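Contents: one structure, followed by commentary.
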Amino acid sequence: NQPVELQKISYEIANCCMPIPGDEIVGFIQPGEAIKIHHTNCPVAINQMSKYGNKIIHTTWNDKETVGFLSGIEIRGIDNHGFIKEVIGVITEKLKINIKSFHLETTGGMIDGRIMLYVYSLQELKNMMDHLGKLSDVKKVRRIGAKE
C-alpha cells in the first residue's frame, strides 16, 4: 500500500488551514476535482471526516518539496523605532523568506501585525518564529490559526 505522490496528482491546499510541509495532513477526494489538503486538526477537515469518511485519502508530503507554501504569523511587540526594519531584516535578509503581505496596527505603544509569507516547511516557519521571538521588542509570535 504505497502512498500516492502529490506531484503526480492534482491537489489544492485548503485556504481555511493553509497546511505546510511538516504539518500532519489529510486529503479529501471529490470526483472530478483536485484533492483538497487540510491540516488534520482543521475544524473543516474534522467536520468532513465525520460526515464523509469514504472520501478521505492517506496523504503525506513529498520530501523534495521545492515550492513555497503560503503561511502566516501574528506578531506583537513594543512600538519602538526600528521595529519594522528588524522584523523585515530577520525574515527577508537573514532567512531569505519571501513576504506576501505585511499589515501592522499600533495602539497604546504596542504593535500588532499579520505577516503572510511563503515557506517550504514547518521547520522553516518555526525557525523564523524562533528568530523573531529573540528580538528584544517582540513580545509574542504565533502561527495564524495555531491553537495557543
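Run the quick spin-label model on ALA34 and HIS103: label points 7 Å from Cα toward the beta carbon, then report their separation in nm to one decimal.
Between ALA34 and HIS103, the simple spin-label model gives 2.4 nm.
Can you give the longest stretch of the chain with no exposed loop site, where a site means trypsin sites (Lys or Arg not before Pro) in a DSSP loop (not H, G, I, E or B) with at most 16 other C-beta atoms within 10 Å?
1-63
For the pair LYS140 and ASN41, how long in nm is the line joining their label points, each one 7 Å along Cα→Cβ?
For LYS140 paired with ASN41, the spin-label model returns 1.7 nm.
Could you check how many percent of all C-alpha pairs in the chain are farther apart than 27 Å?
Summing the P(r) tail past 27 Å for the chain gives 32 percent.
Can you compute the charge dipole magnitude of the chain about its Cα centre, using +1 on each Lys and Arg Cβ and -1 on each Asp and Glu Cβ, nothing else charged? Give it in debye, rounded to the nearest 20.
120 debye
With labels modelled as points extended 7 Å from the Cα through the Cβ direction, what inter-label distance (nm, one decimal) is found for TYR120 paired with CYS16?
Going by the 7 Å Cα→Cβ label model, 3.1 nm.
Helix 122-133: angle to the longest alpha-carbon principal axis of the chain, degrees 0 to 90, nearest 10?
That helix lies at roughly 20 degrees to the long axis.
In segment 1-138, what percent of the accessible surface is made up of carbon and sulfur (1.4 Å probe, ligands and nucleic acids excluded)?
50 percent
Measuring with a 1.4 Å probe in the full set of protein chains, what accessible area per residue, in whole Å², belongs to segment 1-142?
Value returned for segment 1-142: 61 Å² of accessible area per residue.
The values are calculated or read from the model by the stated rules, or taken from the named source; none is laboratory data. The structure presented is a predicted model; accordingly, all values stated were derived computationally and were not measured. Counting neighbours? That spans all protein chains shown, and the Cβs are built from the backbone with ideal geometry, glycine included. Side chains included, ligands, DNA and RNA excluded: accessible areas come from the protein's heavy atoms. Shrake-Rupley method; radii C 1.70, N 1.55, O 1.52, S 1.80 Å.
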